[in-house]
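**Student:** Attaching a single structure in structure tokens format; questions to follow.
The values are calculated or read from the model by the stated rules, or taken from the named source; none is laboratory data. Predicted, not measured: the structure shown is a model, and the values here were computed from it. Every residue, glycine among them, receives a Cβ derived from its backbone with ideal geometry; neighbour counts consider all protein chains shown. Areas reflect the complete protein model, heavy atoms only, side chains present, ligands, DNA and RNA absent. Shrake-Rupley method; radii C 1.70, N 1.55, O 1.52, S 1.80 Å.
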Amino acid sequence: MPALVCSAQNCIYNNAMYCSKGDIKIGGEDATVCQDTRCESFQERKRENVRSSMGMPSIDTDIKCEACNCRYNEKCVCHAEHVDISGAAAHRSGETECVTFEEGR
Ligand code: SF4
């Protein structure tokens with residue numbers, strides 16, 4: 001299970017750069033660069049949904065990933081040791097990206 005660090009602090013699951021969702025989904029089926037990937041589990045934190053983010057933040061996160069051109073992708077599961085998700089100013093999934101992506105399949 002990859003160690004995940006995420007800068008998308010507007011997400012309901014983000015707790016001090018760690019994800020409290022436990023498992024996430026990365027989109028970007030045809031991605032050849034990291035900008036073409038996105039965290040599809042991103043949900044913008046709003047007053048009405050704050051409660052649902054109360055999971056425990058964890059460094060280890062299960063990652064299902066559609067970016068099958070990535071060298072860490074095996075059968076849509078991420079096998080990278082460490083994954084960085086960026087999106088410090090993100091308000092929607094499309095404004096996040098997996099900066100660990102490396103084309104190489
Ligand atoms: S490192 Fe590669 S396989 Fe892992 S989540 Fe990012 S794009 Fe997907």
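**Student:** Check region 83-97 and report whether any residue there is open to solvent by less than 20 Å² (accessible area, probe 1.4 Å) and touching a Lys or Arg at 6+ places or on another chain (Cβ under 8 Å).
**Tutor:** There is at least one residue in region 83-97 that is open to solvent by less than 20 Å² (accessible area, probe 1.4 Å) and touching a Lys or Arg at 6+ places or on another chain (Cβ under 8 Å).
**Student:** Further question: What tally of residues in region 86-103 results from selecting those that are part of a loop (DSSP other than H, G, I, E, B) and under 13 Å from Ile26 (Cβ atoms)?
**Tutor:** 5
**Student:** Something else: Restricting to region 2-30, give me the number of residues that are more than 19 Å from Glu74 (Cα to Cα), part of a strand (DSSP E or B) and open to solvent by 30 Å² or more (accessible area, probe 1.4 Å).
**Tutor:** 3
**Student:** Moving on. Give all pairs with beta carbons closer than 8 Å in which a residue from region 70-98 that is farther than 16 Å from Met1 by Cα meets a residue that is among the polar types (S, T, N, Q) and open to solvent by 80 Å² or more (accessible area, probe 1.4 Å); count only pairs at least 6 apart in sequence or on separate chains.
**Tutor:** Close Cβ pairs satisfying both conditions: Ala88/Gln9; Glu97/Gln35.
**Student:** Under the condition of being among the polar types (S, T, N, Q) and either within 7 Å of the ligand (Cβ to nearest atom) or modelled with pLDDT under 95 (or both), which residue from region 60-85 is farthest from Glu102 (Cα to Cα)?
**Tutor:** The extreme case among them is Thr61.
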